[in-house]
Amino acid sequence: LAQGFADDLLTTLCLATDAPIAIAPAMNRLMWANPATQANIATLRSRGILVFGPGEGDQACGETGPGRMLEPLQIAELAMAALSPGPLLEGARVLITAGPTRERIDPVRFISNRSSGKMGFAVARAARAAGAEVTLISGPVALDTPPGVRRIDVESAEQMHRAVQDALAGTDIFIAAAAVADYRSPAPAAQKIKKTDTSLELKLERAPDILASVAADARRPRLVVGFAAETERVAEHARAKLVDKGLDMIVANEVGEKLAFDTDDNALLVLWEGGSQEIARGPKQRIARELVGLIAEHYGRRGQARG
Ligand code: CTP
């Protein structure tokens, strides 16, 4: 690369592109330290080629030191940060709910749902990468907090509602990706419910609708975005929720046995007043970046409308 040779497909491609180029070197520690290598790396850097790593540690040759390739996930993160279209949401304060909620029945049992939180966490990561200040309020999930994101863990719909109310002031964009329980037990039993009868009836009451309450709040963020998980007539049901809950945008996805929940793939239909856009099936991380791009576009428009 440093000499401009084009004697295979990869180096030919590198000479014949105007796309950004990043390299992730991997080699023996002495090879990496060699002045010839270092001079070549300096040449590449001076031409604007990005150099990811190398890391330090055990090497394939059995030695230990600098020259180890970064982990694939680290390379992916660096590439996404370097190649993303810039800080679309710089300075915006974004509040996101994610994951399921758990509604207690007694000290050992609860009602919950199949949400994994992956979509909400991917949106939080993408919003952060777009320059936003992100607070993520999450139900019980088995996911790591995306870097740079403030995370608040909750369990029930009631706790999530309270956490959202506490964090709402100053929020510019609210994104409700959580699968919040619609019903809860009005009085969870203090002791474990024993099996005595042949059947058991559970009485449930409505849980607070967090999204609707945010849309109706005096501190309403400039943009309020909901999700709609539907098993049928997706667009129709989602548009009804957009209107009923007073939202600016709704993100619909079809859910079912094999779709959406706890998978790494998703496909979305995004609706707003007078328009819609599909986001084609793909990994949740990519889908989330496209969604955040769309949200940023609408957020910008609303800013202009208000002058
Ligand atoms: N939501 C919420 N609080 C609730 C229920 C839902 O904030 N108690 C939010 C979800 O985070 C999502 C949107 O409302 O953004 C839609 O949730 P969904 O469960 O699909 O719709 P519901 O309004 O509950 O309607 P239904 O269950 O009849 O489909």
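The values are calculated or read from the model by the stated rules, or taken from the named source; none is laboratory data. Source: prediction; values computed, not measured. Here the Cβ positions follow ideal geometry from the backbone for every residue, glycine too, while neighbour counts run over all protein chains shown. Keep in mind that these areas ignore ligands, DNA and RNA; they rest on the heavy atoms of the full protein, side chains included. Shrake-Rupley method; radii C 1.70, N 1.55, O 1.52, S 1.80 Å.
What a 1.4 Å probe finds exposed on the range 52-190 is 52% carbon and sulfur by accessible area, rounded to a whole percent.
Seen against the Cα atoms of the chain and their longest principal axis, helix 72-83 is set at about 90 degrees.
Over the range 157-262, one equal point on each Cα, no solvent: what is log10 I(q)/I(0) by the Debye formula at q = 0.10, 0.14 Å⁻¹? At q = 0.10, 0.14 Å⁻¹ the computed log10 ratios are -0.39, -0.69. Can you check what the net charge comes to around residue 57, using other residues whose Cβ is under 15 Å from the Cβ of residue 57 (Lys, Arg +1; Asp, Glu -1)? Taking every Cβ under 15 Å from that of residue 57, the sum is -2. Each residue of the range 231-248 was assigned a 3J(HN,Hα) from its phi angle through the Karplus curve 6.51 cos²θ - 1.76 cosθ + 1.60 (θ = phi - 60°); the sequence is 9, 7, 6, 4, 4, 5, 5, 5, 5, 4, 5, 4, 6, 4, 8, x, 9, 8 Hz, with glycine and proline shown as x. Per residue, the chain exposes an accessible area of 56 Å² to a 1.4 Å probe, with every protein chain left in place.
Peptide packing for 52-60, 97-105, 264-272 was compared via the average number of neighbouring C-beta atoms within 10 Å per residue; ordered from the highest value, the list is 97-105, 264-272, 52-60. With distances taken between every two different alpha-carbon atoms, the chain has a Kirkwood hydrodynamic radius of 22.3 Å. Within the full protein context, the accessible area of residue 210 is estimated at about 10 Å² for a probe radius of 1.4 Å.
Of the beta bridges in the chain, as assigned by DSSP with both residues counted there, near 45 percent are antiparallel.
Computed over the Cα atoms of the range 98-205, what is the convex hull's projected area averaged over all directions, in nm²? Don't skip to the end; give the middle numbers.
On the way: hull surface 31.2 nm².
That works out to 7.8 nm².
Exactly which GluC sites (Glu not before Pro) in the range 183-288 are in a DSSP loop and have at most 15 other Cβ atoms within 10 Å? Filter output for the range 183-288: 201, 232, 257, 273. Taking only the C-alpha atoms of the range 204-279, the Rg (one decimal) and the largest Cα-Cα distance, Dmax (whole number), read 13.3, 40 Å.
Once you've got the Cα coordinates, tell me which of 194/241; 203/284; 192/284; 203/241; 241/284; 192/245 are over 28 Å apart. The answer is 194/241; 203/284; 192/284; 192/245.
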